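Colleague: One structure, as structure tokens, below. Some questions next.
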Amino acid sequence: MKGKRRRFTAEFKEEAVRLVLGSGRPLAQVARELGVHENTLHKWKAAVEGDTGGMLIPGSGPLALAEENRRLRLELLRVKEERDILKKATAFFAKESR
């Protein structure tokens with residue numbers, strides 16, 4: 001019976017790759033210490049080194065930029081609406097106080 005698929009954060013992946021690159025220990029040893037399959041760690045390393053364009057690590061690549069762009073556009077629309085409402089309220093109360 002197979003277990004649930006584990007998810008790792010981008011920070012965990014990057015730190016794992018830093019351990020491989022900076023410690024001088026073999027990739028297999030670092031993978032065992034972290035409880036990650038050796039092939040998985042190899043893919044993360046390849047993504048960080050640019051062999052796959054960073055597409056294996058969530059939060060990187062063109063899809064992440066498009067998602068952040070969409071999120072920022074929605075936030076900008078919300079903030080503009082709030083600003084417009086406040087402008088109208090300010091004008092209304094300024095007119096009432098005269």
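The values are calculated or read from the model by the stated rules, or taken from the named source; none is laboratory data. Note that the structure is a prediction, hence the values are computed from the model and not measured. Note: ideal-geometry Cβ built from the backbone for every residue, glycine included; neighbour counts use all protein chains shown.
Colleague: Cβ-Cβ under 6 Å, sequence separation 6+ or interchain: first residue in segment 35-46 and within 16 Å of residue 15 (Cβ to Cβ), partner of a type outside the set (Val, Ile, Thr) and in a loop (DSSP other than H, G, I, E, B). Which pairs?
Modeller: 43/56
Colleague: All but one of (1) among the polar types (S, T, N, Q); (2) outside any helix (DSSP H, G or I); (3) at pLDDT 90 or above hold for residue 52; state the number of the condition that does not hold.
Modeller: (3)
Colleague: Just checking, which of 34, 19 is at pLDDT below 90, on the phi < 0 side of the Ramachandran plot and surrounded by 15 or more Cβ atoms within 10 Å (Cβ to Cβ)?
Modeller: 19
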